[in-house]
Amino acid sequence: MSLRPGHIFTTQVGVLFALLLALVVLSGRLISLTQWGKWDLTGNQITSISNETKSFIKTFEGKIAFTYFVTPTDNMPAQLKGVGAPTEYLLKTLRELSPDQISYRIIDPDLSNSEGLSYAARKKASPFSARTIQQDEHSERDVWSSLVIAAQGHKEILIQKITPEDLPFLE
């Protein structure tokens, strides 16, 4: 059985399309691993660190520890689902600037049992009530989204109830 010219052309186009698609996917993955792949499409401007922050970190003598108490995204109400990942990304980016000086950890006090809850209480962090709507019913649930900043030689700072509106100001 021989292929007609129309079938050969269709086969070639299909193979070419598959190769092109694979090239686009591979390029996207490679770009995401570089600095070029960090675009801020939300307008929150948290994908890059300002020169003022970089200068502060360079001149600050001492260590800075961040502790982010957060409820996992799957358990967050819809209006707060976009808070955890950008905050974690900011902490990771800060750590990359000065790995010997900056440390961070992310804790879900509800999963950490009594130790996580008591640690959060010692840091004065607490959950806050967030309204949710499920199947036309309003309810409230306690969620975590608090950041503790401990800079050597200074009092600890607690940023309680971080919401999407706060993201541009976190840095």
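A few notes on this one:
- Test: residue in segment 114-123 that is surrounded by 15 or more Cβ atoms within 10 Å (Cβ to Cβ) and assigned to a loop (DSSP other than H, G, I, E, B): yes
- Taking segment 1-97 as the region of interest, the helices (runs of 4 or more DSSP H) fully inside it that hold 2 or more residues being at pLDDT below 70 and over 16 Å from the mean Cα position of the chain (by Cα) are 5-32.
- Per-region count, segment 124-137, residues in contact with a strand residue (DSSP E or B) (Cβ under 6 Å, 6 or more places away or on another chain) and in a strand (DSSP E or B): 4
- Members of segment 59-76 found to be closer than 17 Å to Gln160 by Cα, open to solvent by less than 30 Å² (accessible area, probe 1.4 Å) and not β-branched (Val, Ile, Thr), listed by number: Phe66, Tyr68, Phe69, Met76
- The single residue among Ile157, Ile149, Ile102, Ile106 that is under 16 Å from Pro72 (Cβ atoms) and at pLDDT 95 or above turns out to be Ile106.
- Some residue of segment 162-171 being part of a strand (DSSP E or B) and either open to solvent by 90 Å² or more (accessible area, probe 1.4 Å) or within 17 Å of Val70 (Cβ to Cβ) (or both): no
- Exactly one residue among Ile157, Ile107 is under 16 Å from Glu171 (Cβ atoms) and touching a strand residue (DSSP E or B) at 6+ places or on another chain (Cβ under 6 Å), and that residue is Ile157.
- Within segment 138-153, not a single residue is part of a loop (DSSP other than H, G, I, E, B), out of contact with any strand residue (DSSP E or B) (no Cβ under 7 Å at 6 or more places or on another chain) and over 20 Å from Ala65 (Cα atoms).
- Inclusion of Asp110 among residues that are part of a loop (DSSP other than H, G, I, E, B), acidic (Asp, Glu), surrounded by 12 or more Cβ atoms within 10 Å (Cβ to Cβ) and without any contact (Cβ under 8 Å) to a residue 40 or more places away in the chain is warranted.
- Taking residues in segment 38-58 that are of a type outside the set (S, T, N, Q) and open to solvent by 30 Å² or more (accessible area, probe 1.4 Å), and partners anywhere that are part of a loop (DSSP other than H, G, I, E, B) and at pLDDT 85 or above, the pairs with Cβ atoms closer than 8 Å and at least 6 places apart or on different chains are Lys58/Ser98.
- Ser98 vs. criteria touching a residue at least 60 places away in the same chain (Cβ under 8 Å), open to solvent by less than 70 Å² (accessible area, probe 1.4 Å) and of a type in the set (S, T, N, Q): no
The values are calculated or read from the model by the stated rules, or taken from the named source; none is laboratory data. These numbers come from a predicted model, not from an experiment. Quick reminder, even Gly has a Cβ in these numbers, built from the backbone with ideal geometry, and neighbours come from all protein chains shown. We work out accessible area using only protein heavy atoms, side chains counted, and drop any ligands, DNA or RNA first. Shrake-Rupley method; radii C 1.70, N 1.55, O 1.52, S 1.80 Å.
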